[in-house]
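A.B. asks: Sharing a structure with you now.
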Amino acid sequence: MPVQRLNHAVLYVRDVGRSGAFYRDVLGFETRHEIPGKALFLVAPGSRNDHDLGLFAVGDQASPSEAGTRSVGLYHLAWEVETLEELGRLRSVLAAAGALVGASDHGTSKSLYARDPDGIEFEVGWMVPRELWGDVPLQTAPLDLDAAVAEYGADTPSNSLTR
């Protein structure tokens, strides 16, 4: 099965209105289709998908996910941005929303980690263009975004966008 890319993700959330507002207001997703109070289908700006993110309501009584602490399950989703400039802009937006929980330099990618209103973690990252990988180690180190911009440029397209 030669997978080309992830087409969409679906999340169970307590309140689709609250979660939808977060993904629209903070990350810029747009509503594609809605079943009021039950489901919301969102698309990222510029996407050619029918939807990139589906949200399904399970109600306020739902307990937090125990994935990674007491059960197996998905750790996080990762979305790619076009430039380090956009990553820097999102760092400010996520911090202002109180959602930013971390930032890492993985060598071949520069990443921010955040949580949505239900505590579901996600990653937003910029991939170093493959032709610039050289001997870049795969790692998890603190992200120095200013150093990354100095090395790669603020508007260099992400790896998957330079193919």
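The values are calculated or read from the model by the stated rules, or taken from the named source; none is laboratory data. Everything quoted here is computed from the prediction, not taken from an experiment. Cβ placement follows ideal geometry from the backbone for every residue including glycine, while neighbour counts extend to all protein chains displayed.
A.B. asks: Taking segment 124-139, which residues are out of contact with any Gly (no Cβ under 9 Å at 6 or more places or on another chain) and either without any contact (Cβ under 8 Å) to a residue 60 or more places away in the chain or loosely packed, with under 11 Cβ neighbours inside 10 Å (or both)?
C.D. replies: Gly125, Trp126, Met127, Pro129, Arg130, Glu131, Leu132, Gly134, Asp135 - these are the residues of segment 124-139 that are out of contact with any Gly (no Cβ under 9 Å at 6 or more places or on another chain) and either without any contact (Cβ under 8 Å) to a residue 60 or more places away in the chain or loosely packed, with under 11 Cβ neighbours inside 10 Å (or both).
A.B. asks: May I ask you to verify whether Asp118 is touching a Leu at 6+ places or on another chain (Cβ under 7 Å) and among the acidic types (Asp, Glu)?
C.D. replies: Spelling it out, it is not the case that Asp118 is touching a Leu at 6+ places or on another chain (Cβ under 7 Å) and among the acidic types (Asp, Glu).
A.B. asks: Checking the conditions here, which among Arg91, Arg130 is out of contact with any helix residue (DSSP H, G or I) (no Cβ under 6 Å at 6 or more places or on another chain), outside the structural domain of Ser47 (by TED's automatic domain parsing) and among the basic types (Lys, Arg)?
C.D. replies: Step by step, each of Arg91, Arg130 is checked, and only Arg91 is out of contact with any helix residue (DSSP H, G or I) (no Cβ under 6 Å at 6 or more places or on another chain), outside the structural domain of Ser47 (by TED's automatic domain parsing) and among the basic types (Lys, Arg).
A.B. asks: Find the strands (runs of 3 or more DSSP E) located wholly in segment 66-163 whose residues include 1 or more that are over 12 Å from the mean Cα position of the chain (by Cα), and list them.
C.D. replies: Of the strands (runs of 3 or more DSSP E) lying wholly inside segment 66-163, those with at least 1 residues that are over 12 Å from the mean Cα position of the chain (by Cα) span 100-105, 109-115, 121-127.
A.B. asks: Follow-up question, since we're still on this one. Just the residues that are among the polar types (S, T, N, Q) and surrounded by 14 or more Cβ atoms within 10 Å (Cβ to Cβ), please, taken from segment 60-87.
C.D. replies: Ser65, Thr83
A.B. asks: For segment 1-16, give me each residue that is closer than 13 Å to Phe56 by Cβ and exposed (fewer than 14 other Cβ atoms within 10 Å of the Cβ).
C.D. replies: Start the filter on segment 1-16 by keeping residues that are closer than 13 Å to Phe56 by Cβ, which leaves 8-16.
Correct list: Val10 only.
A.B. asks: Right, here's the next one. Give Leu161, Leu138 a once-over and let me know the one that is within 30 Å of Glu66 (Cβ to Cβ) and at pLDDT below 95.
C.D. replies: Leu138
A.B. asks: Can you list residue pairs whose Cβ atoms sit under 8 Å apart, with the first residue in segment 55-67 being more than 13 Å from Asp15 (Cα to Cα) and not assigned by TED's automatic domain parsing to the domain that holds Phe29 and the second being part of a loop (DSSP other than H, G, I, E, B) and aromatic (Phe, Trp, Tyr)? Count only pairs 6 or more apart in sequence or on different chains.
C.D. replies: Every condition considered, the pairs that remain are Ala67/Tyr75.
A.B. asks: Also, quick follow-up: Of the numbered conditions (1) out of contact with any Ser or Thr (no Cβ under 9 Å at 6 or more places or on another chain); (2) aromatic (Phe, Trp, Tyr); (3) within 16 Å of Leu6 (Cβ to Cβ), Phe41 satisfies every one except a single condition; which is it?
C.D. replies: Among (1) out of contact with any Ser or Thr (no Cβ under 9 Å at 6 or more places or on another chain); (2) aromatic (Phe, Trp, Tyr); (3) within 16 Å of Leu6 (Cβ to Cβ), the lone unmet condition for Phe41 is (1).
A.B. asks: Provide a single number: the residues in segment 16-42 that are under 18 Å from Glu121 (Cβ atoms) and assigned to a loop (DSSP other than H, G, I, E, B).
C.D. replies: Result for segment 16-42: 3.
A.B. asks: Looking only at segment 21-36, decide whether some residue is of a type in the set (Ser, Thr, Tyr) and within 21 Å of Arg115 (Cβ to Cβ).
C.D. replies: yes
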